[in-house]
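For reference, the structure discussed in these notes is given below.
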């Protein structure tokens, strides 16, 4: 047919042409179709055209295809379109299946406007390979709705380069499900700006535990403050080591309570020194007993004085240096349990002031052993209270008293011995006591 004859075809005649007949038309003849004629092409005709025949249509004609017409095209046909024809496709009319079927080459040739017009369904079904060929500008032009359509599987399958195409705002807006789809490798590859945009409260404990010390060190104070108790409980000592004194001291009581004894015991003395006196004072028994004697003995006096000694294990008490014992407050000495008193060495007891020793309560005095009593100077023994100290001494402790100890006592102290205590005294001890009270 001549151009004139093709141009005179009615819509009905165009619609009745076979794909073979359309295939014999020249590019000039097909492109001379009026809008009415082009609209008359049926989905059956378009869907069965060879890629060569489809290529006869102009980009304007491709762009003007109706939703029904466009959706009749196969992915093979779409992938065969020229760049100009592909760029003319109205992607909003395409099905999700058609978009998913585009090759990475075809996806990469789409314009920013076309990518920006993707529906949430189309975005949610893109392969990681397809997402990977999008430009940073295209991805960052995603609306909030479009970005929210990305699935955790898609995000988790992106290369670190592809993930890096997202903007900081988009990273910050990821939902909990989306964020938890990312691998630790991806998270550790994020730029500082992107990492700082993360809502860490949405991350899993495994993800936070998988952050490198570099990444943890780059977190903002606000992000560290937002860590959940489960996330904190799973931090490594190396990760905690990268936190600043301010970040650690900003921990709430609940966050600080989440630290395990193992975590605390693994910290360097410098790290432990970053805690505030309130935080050290609020440590639980399990947390306190996780500390090593090396850590306890290197705490400054302010931190050591806030510890509740009643929470110490026997080994921790035994491990305190005389310097540490000497820096304890009267209240801390008064809180020592009977068991703790019984394991103190003579040197540790001697590090107490005579006032602290004289303030021993009945249980503490009753816990003193013969070895401890025998090792004390008469000055210390003479400091025992006539009300809570002397009468509470056990038979074992009585055995450690020297005659000089007895003679150093006041009359009130001598009279404080009970008959039961006198009954277990040696003859020399009784003689000394009689001499004291004579």
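What follows draws every value from the coordinates through simple rules; no lab data is involved. Predicted, not measured: the structure shown is a model, and the values here were computed from it. In this analysis, Cβ positions are derived from the backbone assuming ideal geometry, glycine residues included, and neighbour counts consider all displayed protein chains.
Which values, in whole Å and largest first, are the semi-axes of the equivalent ellipsoid of segment 379-438 obtained as the square root of 5 times each eigenvalue of the Cα gyration tensor?
Numbers: eigenvalues 39, 36, 24 Å².
Three semi-axes, in Å: 14, 13, 11.
On full extension, the segment bounded by residue 297 and residue 206 gains 29.4 nm, given 0.36 nm per residue less the C-alpha separation.
Could you work out how much longer the chain between residue 112 and residue 379 gets when fully extended? Use 0.36 nm per residue separation minus the Cα distance between them, nm to one decimal.
Details: separation 267, 0.36 × 267 = 96.12 nm, distance 8.99 nm.
Answer, rounded to one decimal: 87.1 nm.
Between residue 318 and residue 169, the FRET efficiency estimated from the beta carbon spacing at R0 = 56 angstrom works out to 0.50.
Spacing of the modelled spin labels on residue 84 and residue 35, each 7 Å from Cα toward Cβ, amounts to 2.1 nm. Segment 308-380 to segment 134-149: how many Å between their Cα centroids? Between the Cα centres of segment 308-380 and segment 134-149 lies a distance of 68 Å. Using only alpha carbons, segment 124-166 has a radius of gyration to Kirkwood radius ratio (Rg to Rh) of 0.90.
Tell me, what is the FRET efficiency for residue 253 and residue 26 to the nearest 0.05, using R0 = 56 angstrom and their Cβ-Cβ distance as r? With R0 = 56 Å, the Cβ-Cβ based efficiency is 0.10. Helix 427-437 and the longest principal axis of the Cα set of the chain meet at an angle near 80°.
Counting pairs of Cα atoms in segment 8-129, how many percent are more than 25 Å apart? Looking at segment 8-129, the distances longer than 25 Å represent 22 percent of pairs. In terms of the mean number of neighbouring beta-carbon atoms within 10 Å, the peptides 207-215, 322-330 order highest first as 207-215, 322-330. Diffusion coefficient of the chain by Stokes-Einstein, Kirkwood radius over Cα pairs, 4 °C, 1.567 mPa s: 45 µm²/s. Computed from the Kirkwood radius of its Cα pairs, the Stokes-Einstein diffusion coefficient for segment 290-438 at 4 °C and 1.567 mPa s stands at 82 µm²/s. Using all pairs of distinct alpha-carbon atoms, the Kirkwood hydrodynamic radius of segment 312-372 works out to 11.4 angstrom.
In terms of the Cα gyration tensor, with a ≥ b ≥ c the square roots of its eigenvalues, is segment 100-232 rounded because a/c is under 1.5, prolate because a/b exceeds b/c, or oblate? Can you show the working numbers first?
Values: a/c = 2.19, a/b = 2.16, b/c = 1.01.
It comes out prolate by the Cα gyration axes.
For the chain, the mean residue ellipticity at 222 nm estimated from helices alone is -12500 deg cm²/dmol, where every DSSP H run of n ≥ 4 contributes -39500 (n - 2.57) and the total is divided by all residues, rounded to the nearest 500.
Computed from label points 7 Å out along Cα-Cβ, the spacing between residue 193 and residue 68 is 4.9 nm.
The simple Förster model, with R0 at 41 Å and r as the Cβ-Cβ distance, assigns residue 120 and residue 16 a FRET efficiency of 0.55. On a per residue basis, the convex hull of the C-alpha atoms belonging to segment 1-75 measures out at 79 Å³.
In this simple spin-label model, placing a label point 7 Å from the Cα along the Cα-to-Cβ direction at both residue 354 and residue 338 gives a separation of 2.8 nm.
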